[in-house]
Structures are given as structure tokens and as C-alpha cells.
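So the structure is just underneath, and the comments pick up after that.
The values are calculated or read from the model by the stated rules, or taken from the named source; none is laboratory data. Only a predicted model underlies this, so the values are computations on that prediction, with no experimental measurement involved. Reconstructed Cβ throughout: ideal geometry from the backbone, glycine too, with neighbour counts over all protein chains shown.
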Amino acid sequence: MLTGDSSRVAHLAQNAALILLSFIFLPLTTTIVFLSYVSRPFLAAQAPANRRHIRSTHTPYFQPKTVLVTGVGMTKGLALARLFHEAGHNVIGADFGPLACGRVSAALQKYYGLAKPSGREGSAQYIHSLLDTIRREGVDLWVSCSGVASAVEDGEAKEAVERSTSCKAVQFDVATTTTLHEKHSFIEYTRSLGLRVPETHTVTSRTAVLDILQHAKGREFVLKYIGMDDASRGDMTTLPRPTPADTRAFVSRLAISEDRPWILQQYIRGPEYCTHALVVNGQVKAFVACPSAELLMHYEALPAHSPLSKAMLSFTRSFADAGGEGFTGHLSFDFLVDKWEAISPKGGRPRLYPIECNPRAHTAVALFNGTPQMVEGYMSLLARHEKGVNGLGPDDLVVPRSPQKYYWVGHDLVALALLPLLSFVLRQGTSLESLTESVSAFVSHLLFWKDGTFEIWDPLPWWWLYHVYWPAQFLAVIVHGRKWSRVNVSTTKMFNC
């Protein structure tokens, strides 16, 4: 992919090529959608069957609730909407704008476009449109699936919703969201709970960075901007560099000031993991952990009984316990584990180093596909009951049931097949061995993994994502002359450069 230094002509060609790619595959994907609809009467899809059973006379005491899921244009929002639908509830979907792929999902009874928070008007219009939707549909439960750019606004919305309606919100309040969302305040709060954290410094000048690095004594650090900055987000350059001059040269390129604070954080060499948890009133109701990466596009759940998963669950429960009553929302952490500890943990439990917290739903929630028992955890916010219709008690922890491995075919087609092939043909450094390995991985995913958006009983969002949403985004970039370095298909995030 291109960078900010690439010419506008190159970026124009890149966007045009991706739009053309969408048209090339349109006949194939349309045929797949058609065959999915034709074959549905002959296939015993689990989700529709579960929904019919729950809403039948076999469960006479079941009372469906009206659930609003926001963020249905992202995989995580769509996955949750489908789970609530499978569990028998009435699902309303919402997102910013008219092109979200979830709007065409069979899991939704209705879809609403919401006003996007803006710098000039803040969150006022967004909260107004959200409240209007909740009142119009008589929503019992709002399940927030924030993007990184609207996490705090959803905290403001939660307070407004619960203050002015009877609807309950699965979303942390403003104070909690802000504390956990910001990298420096998250580390400080974690340290205050007596939990282990990597050495972390908040820095407001280049001089402060260089002073700390002078006393590194063999430790490595990375610099992270505290706010949102697509250009620097993926830069994991370790400091200090091989020479003092190289270190000064790297730091001098960064805009570090009182108005643009950064954190200098100890870098732990080892594997990275992420988690997703549902927390209701300080109790962890659902949990999953999986290997992670800076741009995560492949998901595979860790076994719930593994030492790593248990250690991350224990950490999450410590946070939830500290939050207490009213601590309700989706809670996700990123961890690093020392490479030697990951291989042979001391005392049977590896030492975790939390590096970030996302106080919102994580795409890893897709691993709960086929586990409608998870919905009972959400329903416990409305009323505590002894046993839900999906078989979950009020204090049970839900983990994914027989989770599959997930990928996104659009991402892998480009990243694992087309780009390596182009690099090989143009002799840009990709060897035949590397090309074969990459294409083999793509074929393996295609045959044995599950696409994060596609469901045979609900195929249209998958088609819409690749033939409506993304072509429209690439066209908008061409019209406005913007540049981007990469995209996340699952979160519909485009990283500008």
C-alpha cells in the first residue's frame, strides 16, 4: 500500500484499482448471495432455528425485548445484532450514515442513520438522534458498539439516555470511558489498583524523551501519541536507536508539546494478545482472549482453560470488581507477554503487561458467533433471573462455544494474494517462495476459516460491504483528494496519511 509521501496520481490509481476490483468480483459475489437465498429452505442454519424455537410455545415465559445495537456497519455491531436476533429479541440497528452494511441485515427489524458527532456541535446532535430512535421504537436496551473516534461521546449519550428514558445502556459513563480510553490515565489507574504495568512516562517535550532514554539501561521504549493520529499509530520504532544521533534524529521528527503529549512506554518483547469482555454491574458476564497484532485481521480464540486466558480473565475481573455496581459496558485490553514467559510461565501463570484499554466492544466479539447464551448476560441488566431461555444462570461466565477462526476475504484477497503477486511480477522483493506461502495462507483461510461478515442465512451485508460501502469510500477519497495508507475491513476504518 501507499504512504503519505506517495504521489496523488499513485493514490488515484490505487483507489481506482480497488473500485475496479469490486466490479470484477460483482458477478461472483452476487451469485453466492443468490445461491445462499435459494438454499436456505434446505439448510438447517443454527441462528434462524434457535430464534424459531425460543419464540415458540416451547418457551412460554420468554418476553422479547427491543434492543438497539449501534455500530452495525462494523463487524462487532453486526455480530451482536445477529446474536440478539438469534436469541429471539427484536433488534433495531443504527450507525452513522446510510451506507453501513448492517442496514441490510436480516437480523434487523429497522435501521436508523444517526447524526455523527462533529467538532463544532460536539455530541449534541448525535445524542438527540439516538434519544429520538430510542423513544420512537420503545427500546429496552441500548448496546453501544463505539468506534475509537466516538467512545467518549457514547459515554455522554449513556448518561443522557438513562437520565431521560427507561432504557438501559451497555456503555460506561463519561468519567470511566475517558480514564480507560486515554493511554496515560489508563496506566495510572491500573497502577493504582496494584496491578502490574510497563514503565510508562507522559512526556511533553523532546528533551524529556531524550533525558529518559539516557537512563534506559538496556530497556527498550516506544513512543505513542496520547490522542488520535493515524500517521503515527502504526509506528512501533523502538528507542533508543543504535546511536545517540539516530535517537535524536527520530525524536526530532515528532511534534511533542504541552498541547500534544505523548507517552514513552517500555517495550516488552513477546507476543501480543487482546481480550473482549462484557461487564454488567462489576461482574464479567462474557470473556474471550486471542492473539493480537497492530492491525488485527485474523481472529482465533485462546482456549478458555489456558494459563494465558485465565490470567487475562483474572486481570479483567480485578478491573470489574474495582468498578463495582454501575460499572457496565464492553471492556477490552491489549497485553504484551515477555517472550520467555509466554513459553514457560513462572509458577504456571504468565506475567501480563497491559498496554492499552478499549472501553468498547472489540471485533473479537465475533468469536461468540453461535453462542446465544451470551445474550443472557446483557439481559441481566434489565432483570436478574434464575435461568435464561438460552440456559445461562445469572452468575455464569460465557465463553465462545466451539469458536471458528475468522478472516475477511476482501482483506486477504488483496493482502495475501494480489499485492504479493504484483510485487513478485514487478520484482519488488517478493520471492517465489514468499508468494507461494502467502497465497497458500489465503487459500487455507478461504477453505477452512470463516469470513467475519458472511452468514449463509444473512449474506447481504457481506455483499453490501464490498460493492457499496467500500467503493463509495474510495470514490469519496478520489473526489476530495485525500490519501490513506491502509484500511481495516472489519471496523470500516480508513487510516489517513
Query raised in the report: When you go through (1) in a loop (DSSP other than H, G, I, E, B); (2) touching a strand residue (DSSP E or B) at 6+ places or on another chain (Cβ under 8 Å) one by one for residue 111, which number turns out not to apply?
Result: (1)
Query raised in the report: Inside region 462-477, can you point out the residues that are more than 18 Å from residue 95 (Cα to Cα) and surrounded by fewer than 16 Cβ atoms within 10 Å (Cβ to Cβ)?
Result: 475, 476
Query raised in the report: Can you list the helices (runs of 4 or more DSSP H) found entirely within region 396-466 that contain at least 1 residues being more than 24 Å from residue 74 (Cα to Cα)?
Result: 419-425, 432-448
Query raised in the report: Just checking, how many residues over region 23-77 are aromatic (Phe, Trp, Tyr), at pLDDT below 95 and over 24 Å from residue 89 (Cβ atoms)?
Result: 1
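When you check residue 332 against the structure, is it at pLDDT 95 or above, exposed (fewer than 15 other Cβ atoms within 10 Å of the Cβ) and not in a loop (DSSP other than H, G, I, E, B), yes or no?
no
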Requested in this report: Find the residue count for region 1-33, including only residues that are loosely packed, with under 13 Cβ neighbours inside 10 Å and either touching a residue at least 60 places away in the same chain (Cβ under 8 Å) or closer than 26 Å to residue 460 by Cβ (or both).
Outcome: 9
Query raised in the report: If you check 42, 62, 96, which single one turns out to be within 27 Å of residue 117 (Cα to Cα) and surrounded by fewer than 24 Cβ atoms within 10 Å (Cβ to Cβ)?
Result: 96
Query raised in the report: Can you tell me which residue in region 82-102 is farthest from residue 67 (Cα to Cα), limited to those that are touching a residue at least 60 places away in the same chain (Cβ under 8 Å) and outside any loop (DSSP other than H, G, I, E, B)?
Result: 101
Query raised in the report: Which pairs do you get when a residue that is assigned by TED's automatic domain parsing to the domain that holds residue 226 and of a type in the set (Gly, Ala, Ser), found in region 239-268, comes within reach of a residue that is in a strand (DSSP E or B) and modelled with pLDDT under 95, reach meaning Cβ atoms under 6 angstrom, with the pair 6+ apart or on two chains?
Result: none
Query - Test result for residue 200, touching a His at 6+ places or on another chain (Cβ under 9 Å) and either more than 17 Å from residue 360 (Cβ to Cβ) or not aromatic (Phe, Trp, Tyr) (or both) - result: yes
Report summary line: Those residues of region 239-257 which are closer than 23 Å to residue 268 by Cβ and in a loop (DSSP other than H, G, I, E, B) amount to 240, 241, 242, 254, 256
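Conditions (1) buried (at least 21 other Cβ atoms within 10 Å of the Cβ); (2) small (Gly, Ala, Ser); (3) not assigned by TED's automatic domain parsing to the domain that holds residue 69, marked per residue:
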residue: 112; (1), (2), (3): no, no, no
residue: 128; (1), (2), (3): no, no, no
residue: 137; (1), (2), (3): no, no, no
residue: 142; (1), (2), (3): yes, no, no
residue: 155; (1), (2), (3): yes, yes, no
